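The values are calculated or read from the model by the stated rules, or taken from the named source; none is laboratory data. No experiment lies behind these values; they were computed from the predicted model shown. Cβ coordinates were reconstructed from backbone atoms using ideal geometry, including for glycine residues, and neighbour counts include every protein chain displayed. Surface areas here come from the heavy atoms of the whole protein model, side chains and all, with no ligands, DNA or RNA. Shrake-Rupley method; radii C 1.70, N 1.55, O 1.52, S 1.80 Å.
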Amino acid sequence: MSKIYIILFLSFICVNICGASTDSRKAFIKKYKSIAIEEMDRTGIPASIKLAQGMLESGCGTSKLAVNANNHFGIKCHNWNGASFTMDDDKRNECFRKYRNPEESWVDHSEFLLSRPRYAFLFDLPKTDYKGWAKGLKKAGYATASDYAQKLIKIIEEEELYQFDRPGKKIHPIPNELNYKLSESKNYQSRVVYINKIPSVKVKEGDTFESIAQYFNIPLKKLLKYNDKNELSIRTGMHVFLAKKKNKAPKGYTFHKTKAGDTMYMISQIYGIKLAKLLQYNYMGNDEKPQVGEMISLRGPAQLY
């Protein structure tokens, strides 16, 4: 085969691969943008960074590790007590974390970054500083490739993933039944975030259930019911849901390990689960409190052994 034919053949392959890669990226973004945004709201890690890392580390979900272990972020075992998958990487027969589904990998990726002191400085950066996060991940040693940060930034800018990091960006439309009324103040509207695909407002000092109900034109009694409340006490930092909570947490959020001060109500608000369902899954009464370190089941009845 002549050189010109070889070049044309390779060019044809490259175009097809690039075209398929673009389609794969779009499909990957569509499938995982919701959990990337949910994790950003929960932890502060930019959704653009999670999506770009997921694409790069997993080949848009097609890598050997992603297919066999649902591991989208290349996280090795590192004091891991769960299932594992062995394959060659920097060394032969390295141990990687294995998950029941890809979404668990996305949640564990957040926990991995949150629990390692070397990544702590990243959480002082704004959610919108994807370049700072990309360079910081490389600096902290997440990957050995010298151009790791540049690769992440390139993916984010090519796919415009930064749009998912914008404060107040409405990824899902607010349900019509809320019939929220517009006013001169955009205060509450700009603070709407989605937890478990349910619109909610994070409470700031001075907010009340009455003011939130009035702004969104929701009967106060109904707003309290959405949030499993029978009285008007409200706490700065909590989320007030503007529609009914779900019967289970989003896919990937299987358990919550309790910390000092956690209550079942707080856990139900963190994940957007009806309190009655959460208590039912964990065989607990209304007045029972979880023990520190207890694993609270979020998607179905806890297994009793």
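Within the set K91/K151; K50/K98; K50/K248; K98/K202, which residue pairs have Cα atoms separated by over 26 Å? Provide the component values of the computation, followed by the final result.
Numbers: K91/K151 23 Å; K50/K98 18 Å; K50/K248 23 Å; K98/K202 34 Å.
From the list (K91/K151; K50/K98; K50/K248; K98/K202), the Cα-Cα distance tops 26 Å for K98/K202.
Tally up the carbon and sulfur contribution to the accessible surface of the stretch 243-305 as a whole percent, 1.4 Å probe, everything protein left in place.
On the way: 2000 of 3670 Å².
Heavy-atom surface of the stretch 243-305 belonging to carbon and sulfur, 1.4 Å probe: 54 percent.
The phi-based Karplus calculation (6.51 cos²θ - 1.76 cosθ + 1.60; θ = phi - 60°) puts the 3J(HN,Hα) values of the stretch 93-102 at 6, 7, 9, 10, 5, 10, 10, 6, 8, x Hz, whole numbers, x for Gly and Pro. Rounded to the nearest Hz, the phi-derived 3J(HN,Hα) couplings of the stretch 192-206 under the Karplus curve 6.51 cos²θ - 1.76 cosθ + 1.60 (θ = phi - 60°) are 5, 10, 10, 10, 6, 6, 10, x, 8, 10, 7, 6, 10, 4, x, where x marks glycine and proline. Would you list the P(r) distribution for the stretch 185-305, with all Cα-Cα distances sorted into 10 Å bins from 0 and each bin expressed as a whole %? Calculated P(r), rounded to whole percents: 13, 45, 31, 11, 1, 0. For the residues F28, F121, a 1.4 Å probe over the protein chains yields an accessible-area ranking, largest first, of F121, F28.
Computed from the C-beta positions of K30 and Q291 and an R0 of 35 Å, the FRET efficiency is 0.30 to the nearest 0.05.
Here the Karplus relation 6.51 cos²θ - 1.76 cosθ + 1.60, evaluated at θ = phi - 60°, turns the backbone of the stretch 143-153 into coupling constants of 9, 8, 4, 5, 9, 4, 4, 4, 5, 4, 4 Hz, with x for every Gly and Pro. Toward the positive end of the charge dipole of the stretch 22-81, about the Cα centre and with charges on Cβ (Lys, Arg +1; Asp, Glu -1), which of I49, I37, A66 goes farthest? Comparing the listed Cα positions along the dipole, A66 ranks first. List the residues, sorted by chain then number, that are 5 or more residues from N71 or on another chain and whose placed amide H is less than 5 Å from its amide H. For N71, the qualifying residues are A66, Y99.
Dipole orientation for the stretch 114-171: of the candidates Y119, G132, Q163, Y119 has the Cα lying most toward the positive pole (charges on Cβ; Lys, Arg +1; Asp, Glu -1).
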